[in-house]
Amino acid sequence: MRIFQKQVKQLSDEELMKMLSKGNQRAFDEIYIRYSEILFGYFMKMLARDKEKCEDMVHDLFAKIIRKPDYFDVNRSFRTWVFSVACNMCKNEYKRMSVRKHVSNDFEPTKSIQSDSDTLKKVHESTFSDSFYEALNSLDEKHKSVFALRHFEGFSMKEIAETLQINEGTVKSRLFYATKTLASELKEYNPIYNQ
Amino acid sequence: MEEKYVQIFSKSSFHELTDDEKNFISELCSNEDEFESVKHLYSGMETLSDETIRLNSASVKRQLDQEFKEIHASEGGFRLLSFLFPPIKPLYAKPGLQIAFLLVFIFTLYYSVNNMSIDNQPKQLYSQNEIEKKESPKEVKSLSKDKAEIDLKTTNEESLMGSNESSELVEDNLNESISIDTETRLNGAMMAEMISDVEEDSFSDDMTLFAPTSAPTTAGIAIAGFDRPDDNEAKFIIEPIGEDLGLLEDLFVTF
């Protein structure tokens, strides 16, 4: 049994997906071990650190893999494919969130009063990470996904281009834009400017 | 390319950069201010990796394992069953149940339409026949007798006409009538005379030639009624007055 487990761990993602599509539970376990935490982290960065929602997203993504393993093209990289699915899920979630925002516009006055008192708290308690994620979430979905894939998942420009199905040049320009925006928004945390 | 960026931003200040390096990062930061802010961003991001929120892997994995088993357990020759009754879908969404409900609906529709269009009429006719049978059991007997009488009558008329074809028919009818009833055979001549007097006008020559041997005619029934006055009384819907004069009292209007 141990020998078999070792063999599964040595297999590539694509080979595991082949086995998974044939109903191999061990292959699925291995895929889950390799990608569940990474995808959860990605969703956390992309979806404003809502833990429950991100857990649901991870569950939904793996459920898709179980139900429709044939959607994966074996000639393609599993890593880029799974992240492209995750990106599309995030896009859909943003759309839903924007709809909800429009619906809940009536409650904005009371919210603003609360948010005023909250901001005073936040000014004192905020740390770099809070501000960073806040700034990241204020970015466009397309800039945010490029930035997250590059800096959190360690994707190369080529892999990002493949995942998001865009040109490498576009990836580069989006990445620069996101970096510049974040850097300017987090300027106040730089000790050089506080002195 | 990425390594080069790391190298550049690891340097302490913008002034330390060579011209090539400055050109390389010109798209990202063109002055010292921008360089410092980007550098701070990268250094700050390195601290973020430590504070990761962990996934509640056990509960998610349990659910996924269950789904995996449900989907792949049925691959040993029960694909049709798993297609008809997929375990993950809710009860109302299972194709097997949907097909079953559709079949039940079609069958009920089919039978209800059948009952409406076809079954109602025969039932009515059948019930009418039953009532007639119940009301006049004697009539049925008299009909069979009348049948025989008509046969005899036709044979007599045929013989009088003397045609070859009719004689053959009459012979056949005679044979049949003889076998039906012995009493009618004995009194056949007498009865034929009586009936021929009454029915000469009602039957034409052609009709007598092809007189039915099996089905009784309305004339036959009428003859039976004529012969038996007791049976005729039973046919009246309104009860005859007879000796009961009390019934007449209801007819007079009193002021």
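Where does each of B:Met45, A:Met19 land when they are ordered by accessible area, with a 1.4 Å probe and the largest first? Provide the component values of the computation, followed by the final result.
Working: B:Met45 20, A:Met19 50 Å².
Largest accessible area first, the list is A:Met19, B:Met45.
With r defined as the distance between the Cβ atoms of A:Asn24 and B:Thr108 and R0 fixed at 35 Å, what FRET efficiency is calculated, to the nearest 0.05?
It comes to 0.15.
In the stretch A:128-182, which chymotrypsin sites (Phe, Trp or Tyr not before Pro) fall in coil by DSSP and have 11 or fewer other Cβ atoms within 10 Å?
Here no loop site has a sparse enough neighbourhood.
What is the calculated FRET efficiency for B:Leu91 to A:Asn75, with r their C-beta to C-beta distance and R₀ = 35 Å, to the nearest 0.05?
0.30
Buried accessible area between A and B (1.4 Å probe, both chains summed, ligands and nucleic acids excluded), in Å² to the nearest 100?
The summed interface area works out to 3700 Å².
Rounded to the nearest 10 Å², what accessible area does A:Ser84 show when all protein chains are kept and the probe is 1.4 Å?
Looks like 10 Å² after rounding.
What are the ³J(HN,Hα) values, in whole Hz, obtained from phi via the Karplus relation 6.51 cos²θ - 1.76 cosθ + 1.60 with θ = phi - 60°, for each residue of the stretch A:22-39 in sequence order, with x given for Gly and Pro?
Residue by residue, the stretch A:22-39 yields 8, x, 7, 5, 5, 5, 5, 4, 5, 4, 5, 4, 5, 10, 4, 5, 4, 5 Hz.
Does any residue of the stretch A:40-68 lose at least 30 Å² of accessible area with all protein chains in place compared with its chain alone, and if so which ones (probe 1.4 Å)?
Residues losing area: A:Phe40, A:Arg49, A:Lys51, A:Glu55, A:His59, A:Ile66, A:Arg67.
State, to one decimal in nm, how far the label point of B:Ser43 lies from the label point of B:Asn56, with both points 7 Å from Cα in the Cβ direction.
Taking the simple label geometry, B:Ser43 and B:Asn56 are separated by 3.9 nm.
Between B:Asn23 and B:Phe83, what length in nm is gained on full extension when 0.36 nm per residue of separation is reduced by their alpha carbon distance?
Gain on stretching B:Asn23 to B:Phe83: 15.4 nm.
How many Å² of accessible area per residue for the stretch B:7-51, probe 1.4 Å?
Result: 55 Å² of accessible area for each residue.
Express in nm, to one decimal, how much length is gained between A:Asp56 and A:Arg34 on full extension, taking 0.36 nm for each residue of separation and deducting their alpha carbon distance.
On the way: separation 22, 0.36 × 22 = 7.92 nm, distance 1.78 nm.
Here the segment from A:Asp56 to A:Arg34 would lengthen by 6.1 nm.
The values are calculated or read from the model by the stated rules, or taken from the named source; none is laboratory data. The structure displayed is predicted, hence computed values, not measured ones. Positions of Cβ are backbone-derived with ideal geometry, glycine not excepted, and every protein chain shown enters the neighbour counts. Side chains are part of the model used for accessible areas, which takes the heavy atoms of the whole protein and leaves out ligands, DNA and RNA. Shrake-Rupley method; radii C 1.70, N 1.55, O 1.52, S 1.80 Å.
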